[in-house]
Amino acid sequence: MNSHEILGFGASILIGMTLGLIGGGGSILTLPVLVYLLGINPTVSTTYSLFVVGTTSLVGAVRYMQQRLVNYRAALAFSLPSLAAIYLTRTYVVPAIPDPVFSTPVFYVSKNVAIMVVFALVMLAASGSMIRPPKTGMEAGASRISPSLLAAEGGLVGILTGVVGAGGGFLIIPSLVLLARLPIKTAVGTSLLIIATNSLIGFLSGLSRTTIDWRFLMEFTALAIFGILLGSYLTRFVAGSKLKKAFGWFVLAMGVYIIVKETFL
């Protein structure tokens, strides 16, 4: 095992810890780790990412369920349109993306490069939501769900999950807090359940078109599960708001790096 592989498998623990500590962000790390540290094709990596993030989030969601910190009504309102969007995206949109996406005598954009650049733009958007302080009053209020707004947001997250393999926790948690008026801890637990459902359905919908190295995938996922259990434990001692902001700056730097690497290097 070379140094990149050691770093890649070590990073899988960090992926799980991130999900356990802040309820999202794991998929932001998973794709770059699989592509840059472990050398896996970006299109295949999006499928692997869905399995890793989905399985790990499911383990985390079960822990929140045991503490009664999951709002199933909000999860259902968000998940149904999201699942439809994932299925349509993975079944029809992703296979239809041409390779190359764009080509001229002096400019060439392959499908893999396009996926990584779109993912980097998602990272930049995610970093902004993590760095910005929460709006005043986000914790207040009873659970008053806005089904239409949640459905629209669910569809958006579904498209994102289908194309780049991101669970979309950075979009889901603010939506649950602002649109469903959930307390932040309940929003995190509900987000993990939605991410698990979205990601695993997305993985299954693209399974027939991808050759899976199951041994590698199970080893990588097992380490991520260890990470989410560790992260869930550390929530007792670590201030989530401070960690989220620091992680946001890290995600911003990673997004800029990917754009520079894919377009200029």
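Remarks
- Taken over the range 229-244, residues that are not charged (D, E, K, R) and not in a helix (DSSP H, G or I) amount to 4.
- Of residues in the range 1-38 being hydrophobic (A, V, I, L, M, F, W, C) and under 12 Å from Thr56 (Cβ atoms), the one surrounded by the fewest Cβ atoms within 10 Å (Cβ to Cβ): Ile13
- Filtered residues of the range 88-116 (kept if of a type in the set (A, V, I, L, M) and surrounded by fewer than 19 Cβ atoms within 10 Å (Cβ to Cβ)): Leu88, Val93, Ala96, Ile97, Val101, Val106, Val109, Val113
- Lone unmet requirement of (1) under 10 Å from Phe78 (Cα atoms); (2) modelled with pLDDT of 80 or more for Val118: (1)
- The lone exception for Val260 - which of (1) in contact (Cβ under 8 Å) with a residue 60 or more places away in the chain; (2) among the β-branched types (Val, Ile, Thr); (3) more than 29 Å from Ala74 (Cβ to Cβ) it fails: (1)
- Index of the failed condition, Thr56 passing every other in (1) in contact with a helix residue (DSSP H, G or I) (Cβ under 9 Å, 6 or more places away or on another chain); (2) surrounded by fewer than 18 Cβ atoms within 10 Å (Cβ to Cβ); (3) farther than 16 Å from Val163 by Cα: (2)
Quick grid of which residues meet (1) under 18 Å from the mean Cα position of the chain (by Cα); (2) assigned to a helix (DSSP H, G or I):
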residue	(1), (2)
Pro174	yes, yes
Leu182	no, no
Gly189	yes, yes
Ile212	no, no
Leu223	yes, yes
Gly227	yes, yes
Ala246	yes, yes
Glu262	no, yes
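The values are calculated or read from the model by the stated rules, or taken from the named source; none is laboratory data. Treat the numbers as computed from the prediction; the structure is a model and nothing was measured. Methodologically, a virtual Cβ is constructed for each residue, glycine included, from the backbone with ideal geometry; neighbour enumeration extends over all protein chains shown.
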